[in-house]
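The values are calculated or read from the model by the stated rules, or taken from the named source; none is laboratory data. Keep in mind it's a predicted model, so treat the numbers as computed, not measured. With ideal geometry, Cβ positions are generated from the backbone for all residues, glycine too; neighbour counts draw on all protein chains shown.
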Amino acid sequence: MAGGTPITSTNRSIEIDLEPSVESWKAALRTHTPHPARAQLGIPDDRPIVMSGHQPIVFHNGILAKLIAQHEMAQSTGAGRVWIVPDQDIVDLETIRVPVGSGNDLRTRTVQILEPGSIPPGVPAASLPAMNPIESDDDRLSDLVEYLRGYTYESTLARQFASATIQLASERLEIDPPQIIYASDLFTSEAIWDHVCNEMRLDPRDAIHAYNSAAEKYPEARIRQLEINDDDSERPLWRLRDGYARTPVSDSTFDQFSTAPRALLMSGICRAFLSELFIHGSGGWSYDQVTEAWFREWVQIELNPMARASASVYLPLGIDDQDAISLKDAHWRYHHARHHPALVGDDDTQRTRDELVTRIDDARAAGEDPDPVYQQLVRVLEDHRVRNADALKSLKSQIEQARGHARQIEIANDRTWAFPLFDDDALHALKNRIHEALR
């Protein structure tokens, strides 16, 4: 279930990607599988839940598509909405990359929104305090900075960024924000801890072997297998401590209140116990096949369904590539013109060149030595390159122009610009496209 047209740099275009069929999404939300973990985490347990989520970053419109799709499903089915934040992840929150200029002057730069060096290497956002953002010198980010300032009371940097970005996105889309939960809190649920972690504690090798077997079945997901050794095998868990880098969990650090799941375990918990439908982006849609196979083999659980929502929305950056010469064509024209004078308008020399080439071919066919004629051809082409040097220089300069234009087209075709850089018309156009597709 997809839509959109190929990118043309002169027009803002939107491409959406929604899978599987809308009826499959709605069918998943006609069921309700209550679980005590929901109440323990503050999630409503009296209705189906549609979940989605992302790292606590200033995300692009592909992620915004998940937020919109989640809202649309809840509106049409009466389901509750929960957004999970993988706050155990290491993310760059100090800077945002932005485009500047337009047309032939299009380029990029990095805007600082936190003080440089605010985030120590290896420390996840769950282990850092909220921070005051610095004043942005880009007006497009002023609302974001104000929202970040408004959430400095949050207990962690992850909660500050997640609350600010979800609230800002929801207000600009004119939708209610979903309930937000955090990966670092999942094991505060006794039901999850007892069902998952105790199972892993009792037989870690069974969990790890099942994990690795599932990863091997889906090599395209590129999930690294867990290491197994006699002393202490790798577990799909992180140990979190305030102000410190996250570390792998071992038997001695297997603590309920300082442990967070890694990606596949987090997703499996959400789909097994906390929701009836989980909306992934393209990455999660791929790797969660591994999660399904892992949970099926390890704890004999069939995970609730998943869906995929993603989008590409392009900034109108003043690039017109309709008549531009491609880098490949520019190279061809220059190098071909060195051997074909007609490409620079020298038809007389072209006829002489063609006659000599024919004589060379005839000499070879007759078993004669073509070298004397070949030397004439070399002199003709050398003379051509001297007499037509200016025209050839102009063609050579087109290579650099095409190279620069290719870089600008790459910037214009970038789908990962942060959503605050887009105007309300673009965000509402995306919302309307997804609304129509999920009706």
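General observations
- Members of segment 256-306 found to be acidic (Asp, Glu) and under 24 Å from Ser21 (Cβ atoms), listed by number: Glu276, Asp288, Glu292, Glu302
- Look at segment 280-304: where a residue is outside the structural domain of Gly62 (by TED's automatic domain parsing), no partner that is outside any helix (DSSP H, G or I) and surrounded by fewer than 21 Cβ atoms within 10 Å (Cβ to Cβ) sits 6+ places away or on another chain with Cβ atoms under 6 Å.
- Criterion (closer than 17 Å to Tyr182 by Cβ and among the polar types (S, T, N, Q)) met by exactly one of Gln75, Gln55: Gln55
- Segments classed as helices (runs of 4 or more DSSP H), wholly inside segment 157-241, with at least 2 members that are buried (at least 16 other Cβ atoms within 10 Å of the Cβ): 157-173, 204-217
- Residue check, Ser286 part of a helix (DSSP H, G or I), closer than 30 Å to Arg222 by Cβ, modelled with pLDDT of 85 or more and hydroxyl-bearing (Ser, Thr, Tyr): yes
- Qualifying residues in segment 242-269 (those that are within 26 Å of the chain's Cα centre (by Cα) and among the small types (Gly, Ala, Ser)) - the one surrounded by the fewest Cβ atoms within 10 Å (Cβ to Cβ): Ala245
- Qualifying residue in segment 371-380 (condition: surrounded by fewer than 14 Cβ atoms within 10 Å (Cβ to Cβ) and either among the hydrophobic types (A, V, I, L, M, F, W, C) or at pLDDT below 85 (or both)): yes
- Inside segment 270-295, residues that are among the small types (Gly, Ala, Ser) and either over 22 Å from the mean Cα position of the chain (by Cα) or farther than 19 Å from Ala311 by Cβ (or both) make up a count of 3.
- Test for Met73: is it more than 17 Å from Leu427 (Cβ to Cβ), assigned to a strand (DSSP E or B) and either modelled with pLDDT under 95 or not polar (S, T, N, Q) (or both): no
- For segment 403-423, the set of residues classified as of a type outside the set (A, V, I, L, M, F, W, C), part of a helix (DSSP H, G or I) and modelled with pLDDT of 90 or more consists of Pro420 only.
- Pair list, Cβ < 9 Å and 6+ apart or interchain, from segment 416-437 residues that are under 16 Å from Ile175 (Cα atoms) and in the same structural domain as Ile68 (by TED's automatic domain parsing) to residues that are assigned to a loop (DSSP other than H, G, I, E, B) and of a type in the set (Phe, Trp, Tyr): Phe419/Phe59; Ala426/Tyr314; Leu430/Phe422
- Qualifying residue in segment 101-120 (condition: touching a residue at least 60 places away in the same chain (Cβ under 8 Å), surrounded by fewer than 22 Cβ atoms within 10 Å (Cβ to Cβ), among the β-branched types (Val, Ile, Thr) and in contact with a Lys or Arg (Cβ under 7 Å, 6 or more places away or on another chain)): yes
- Filter result (farther than 22 Å from His428 by Cα, of a type in the set (A, V, I, L, M, F, W, C) and touching a residue at least 60 places away in the same chain (Cβ under 8 Å)) within segment 130-175: Leu157, Ala158, Phe161
- Residue match in segment 41-55 (condition: in a helix (DSSP H, G or I) and farther than 24 Å from Ser184 by Cβ): no
- Here Thr95 fulfils each of the conditions (1) touching a residue at least 40 places away in the same chain (Cβ under 8 Å); (2) more than 19 Å from Ile434 (Cβ to Cβ); (3) under 22 Å from the mean Cα position of the chain (by Cα) apart from (1).
- Inter-residue pairs, beta-carbon under 6 Å, first within 19 Å of Ala342 (Cα to Cα) and in segment 363-391, second at pLDDT below 85 and in a helix (DSSP H, G or I), 6+ apart: Asn388/Val344; Ala391/Val344
- Among the candidates Pro129, Pro133, residue that is touching a helix residue (DSSP H, G or I) at 6+ places or on another chain (Cβ under 7 Å), outside the structural domain of Leu265 (by TED's automatic domain parsing), crowded, with 22+ Cβ neighbours inside 10 Å and part of a loop (DSSP other than H, G, I, E, B): Pro133
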